[in-house]
Amino acid sequence: MTGKTTNPGAGSREAGAATALLVAMYVQFLDFVCRRKAALVCRHCEKWFAPKKRGTEFCFTSCRAASFYYTRKKPALEMHKAGVPTSDIATRLGVSEDRVAGWVKETG
């Protein structure tokens, strides 16, 4: 004897736990598919998500806000620094001139 204590049921318990986990995942997947929920890709982070309502394009509010910043606000501020008039920035980005002026004012 080597002095090791062996537990003959330990391996089977771990295998049973792994099987139970796989079964649970399979049941969740089937529930998702059977309810015919659409899976979409977030427009900002490009991760898959299940939308809670129709017309959703982002997985979280933070992704929606980040997308807005990188597609509208940041380019507007960069154009303003380059000397592009506020009215031209608003036209190019499809936002109001007042909104562009507000962004410029809040950044100083």
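Every number here is computed from the coordinates shown, using simple stated rules; none is lab data. No experiment lies behind these values; they were computed from the predicted model shown. Here the Cβ positions follow ideal geometry from the backbone for every residue, glycine too, while neighbour counts run over all protein chains shown.
See the values below:
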quantity	calculated
Share of alpha-carbon pairs per 10 Å distance bin for segment 11-107, given as whole %	14, 26, 21, 16, 11, 8, 4, 0
Per DSSP, loop chymotrypsin sites (Phe, Trp or Tyr not before Pro) in segment 14-108 with at most 15 further Cβ within 10 Å	60
Over the chain: helical MRE at 222 nm, DSSP H runs n ≥ 4 each giving -39500 (n - 2.57), nearest 500	-17000 deg cm²/dmol
The chain - charge dipole about Cα centre, Lys and Arg +1 at Cβ, Asp and Glu -1, debye rounded to 20	260
Residue 57 long-range amide H proximity, modeled H, under 5 Å	none
Segment 11-107: relative contact order in percent, alpha carbon pairs under 8 Å with at least 6 residues between	14
J(HN,Hα) series, segment 27-34, from Karplus relation 6.51 cos²θ - 1.76 cosθ + 1.60, nearest Hz, glycine and proline x	5, 5, 4, 4, 4, 4, 5, 5
